[in-house]
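Heads up, the thing below is written out as structure tokens.
The values are calculated or read from the model by the stated rules, or taken from the named source; none is laboratory data. Just so we're clear, the structure is a prediction, and the values are computed from it rather than from any experiment. Please note: Cβ atoms are built from the backbone with ideal geometry, for glycine as well, and neighbour counts cover all protein chains shown. Remember, those area values only see protein heavy atoms, side chains included, never the ligands or the DNA or RNA. Shrake-Rupley method; radii C 1.70, N 1.55, O 1.52, S 1.80 Å.
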Amino acid sequence: EGYGPAYTFSRKSSDSYGSLHQTVGAPGKTCGLINSAFRNSDDTSFLHFNIPANALAVTELRHIAELLKLKQNEISISENVDSLEIDSDLIGEIEKLANTIETAIYKYGIITDKETKKQYFAYEVDCYGNKFFMEDANFPSLISLPFFEFLDQNDEIYKNTRKMILSPKNPYYIQGKLGEGVGSTHTNRQWIWPLFTIMRGVT
């Protein structure tokens, strides 16, 4: 039911996010999501299945499948093409993997608010039932999901997630006299990242 980490990592650091606990990090259960020991900000993951990163993987796998289909069609209509034929089974496997990850995101990566009963995306999960909500200002992020076309910006779960990100429910949402925005475990707790503010505006 669990997975064996493909690699281990540790280093001397005064920052708890700078090294994997017991060299492998938190346990996780095989569930169709891609395991990542590190976040996009280089900090170690609290739980190793990062939802934004998995969502980006879904989108890019489908882009790869689309490109391979275009190449396959180009080869089939061209004469005397001295090129490697595109394997239809490979395209099918890529699409299957994208679908598997997407299904797992919606099965394991959704949190239901106890008070409002509204659903929103977790930032990280372990597929044992533990879910961690936060937002990291780096990319990919929860707020960037429509930017890389994982879903539509009017998607109800996304809109709920966005409201949670821009509220005290997000431990890295910072609000003060000079402004408000989202920071990161990667920097000072009172610093707002411009990258998040840009992505907030773009979406």
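Side notes on the structure shown:
- Estimated vicinal HN-Hα couplings, Hz - the range 104-109 in sequence order (Karplus 6.51, -1.76, 1.60; Gly, Pro = x): 5, 4, 6, 7, 10, x
- Per-residue 3J(HN,Hα) values for the range 121-129, derived from phi via the Karplus relation 6.51 cos²θ - 1.76 cosθ + 1.60 with θ = phi - 60°, read 7, 6, 8, 9, 9, 10, 6, 9, x Hz in sequence order (x marks Gly and Pro).
- Here the relative contact order of the chain, from alpha carbon pairs under 8 Å that lie six or more residues apart, stands at 18 percent.
- Whole-Hz ³J(HN,Hα) from phi, Karplus 6.51 cos²θ - 1.76 cosθ + 1.60, for the range 133-145, glycine and proline x: 9, 6, 9, 9, 6, 7, 10, x, 9, 5, 5, 8, 3
- Working note: 222 nm ellipticity from helices only, DSSP H runs with n ≥ 4, each -39,500 (n - 2.57), summed and divided by the residues of the chain, gives -11000 deg cm²/dmol to the nearest 500.
- By accessible area, using a 1.4 Å probe on protein heavy atoms only, the range 79-203 has 51% of its surface on carbon and sulfur.
- Total lysine pairs in the range 23-164 at Cα distances under 27 Å, for residues eight or more apart or on different chains: 26.
- For Lys118, residues with placed amide H under 5 Å, excluding near neighbours: Asp113
- Local electrostatic count at Trp193 - Lys and Arg +1, Asp and Glu -1, tallied over other residues with Cβ under 14 Å: -2
- Solvent-accessible area per residue, Å², over the range 102-203 with all protein chains present [probe radius 1.4 Å]: 54
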